[in-house]
1. Using θ = phi - 60° and the Karplus form 6.51 cos²θ - 1.76 cosθ + 1.60, what ³J(HN,Hα) does each residue of the stretch 109-120 get, whole Hz, x for Gly and Pro?
2. Just subtract the alpha-carbon distance of Glu197 and Asp212 from 0.36 nm times their residue separation and send over the number in nm, one decimal.
3. Once amide H atoms are built 1.01 Å from N in the peptide plane, which residues 5 or more positions from Gln196, or in another chain, come under 5 Å H to H?
4. Provide Leu131, Leu217 in ascending order of the number of other Cβ atoms located within 10 Å of each residue's Cβ, fewest first.
5. Would you list Thr130, Thr209 from fewest to most Cβ contacts within 10 Å?
6. When a footprinting reagent is the concern and you count Cβ atoms within 10 Å, what order do Ser121, Ser240 take, fewest first?
7. Local charge sum around Asp174 (other residues, Cβ-Cβ under 13 Å, Lys/Arg +1, Asp/Glu -1)?
8. In percent, how large is the relative contact order of the stretch 115-239, given Cα pairs closer than 8 Å and 6 or more residues apart?
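What follows draws every value from the coordinates through simple rules; no lab data is involved. Predicted model, so just to flag it, every value in this text is computed and none were measured. Don't worry about glycine lacking a Cβ; one is built from the backbone with ideal geometry, like all the others, and counts go over all protein chains shown.
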Amino acid sequence: MRKAKFTNGVQGKGFAAALVLSLCAVGLSTYAAYSGASRSIESASEDMSRDDGVFIFTEPAATVNAERTDIPKEPDAQIADETSSAAVPADIIAGGEETGLFFKPAKTMPIADAKVINPYSGGELVKSETLGVWKTHDGADLAAPVGTAVSSMMKGTVTEVKNDPLWGVCVVIDHGDNVIGHYCGLDGNVAVKAGQEVSMGELIGQVGTTADAECKLEPHLHFGVTVGGAWTDPIKFVES
C-alpha cells in the first residue's frame with residue numbers, strides 16, 4: 001500500500017514538472033518570435049533612414065520592374081497635327097518661302113501713291129478712249145509723269161521683255177504661285193532682262209508713252225495681274 005502511494009506521488013510530480021517545462025518552452029518561443037520581429041522592424045527602420053534624418057524608400061524589385069498601366073498614352077500624332085494646323089488661321093495660309101511660314105508674301109504697288117485713272121473692268125466692256133471701241137480693260141492705269149520709277153510688286157523672275165504693238169514696252173514677271181505681273185507702257189530704258197530675279201520693290205523701268213492702245217490718256221503705267229491664267233484686279237491683289 002505504501003508503495004502504491006509512493007508511485008502515484010512520483011507520477012504526479014513528474015506530470016507537474018512536464019507541465020512547467022512545456023509552459024517555459026512556450027514562453028521562450030513567444031519571446032524569441034517577438035524579439036526577432038522587433039529586430040526586423042529596427043533593421044528596416046535603419047535601412048529606411050540615414051544618420052542625417054533623410055528618409056530613403058527602396059521600392060521592392062518586383063514593383064520597380066513591374067509594368068505601369070496608369071501612365072497616359074501620348075496623343076495620336078494625326079490629332080496633334082490637325083490641332084497644330086487648326087491653330088493657323090486659314091486666311092493667312094499661302095506662300096512664304098522667305099520665312100518658312102505659311103504667310104501671304106509681301107507686295108507693293110509698282111508706283112507709290114499713284115492715281116488710278118482707268119480701273120480694272122472686271123470682265124465688263126468699257127469704251128476705249130483711244131480706240132473708240134468697247135472692250136474689257138484687263139489692268140489698271142496708274143498715272144505718273146514720264147520717267148517715274150516703276151518697281152516689281154513682288155519678288156519673282158523676269159520671263160519676258162518685249163515691245164508690244166499695242167501696249168508698248170512691257171516687262172512680264174513670274175511672281176510664283178501662278179501669279180504673273182504685266183508692266184506695260186514703259187520707256188525704252190528697261191532696267192531688267194529676261195531670266196533675271198528681282199525682289200519686291202526693285203526697279204524694273206520707268207513710265208513712258210509707248211502704249212499706243214492708250215496714247216490719248218495722260219502718261220501712265222498699264223499694270224495687269226493674272227492668277228492661274230485669269231485676269232484679276234491688280235489693285236485689290238496688291239492691297240489684299
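1. For the stretch 109-120, the Karplus-derived couplings read 5, x, 10, 5, 6, 6, 8, 7, 9, 8, x, 5 Hz, x marking Gly and Pro.
2. Working: separation 15, 0.36 × 15 = 5.40 nm, distance 2.86 nm.
So the extension gain works out to 2.5 nm.
3. HN-HN under 5 Å from Gln196: Val158.
4. Numbers: Leu131 14, Leu217 18.
Least to most surrounded, the residues fall as Leu131, Leu217.
5. Numbers: Thr130 13, Thr209 16.
Ranking Thr130, Thr209 by Cβ neighbours within 10 Å, fewest first, gives Thr130, Thr209.
6. Result, fewest neighbours first: Ser240, Ser121.
7. Numbers: positive: Lys155; negative: Glu160, Asp177, Glu197.
Net charge around Asp174: -2.
8. 30 percent
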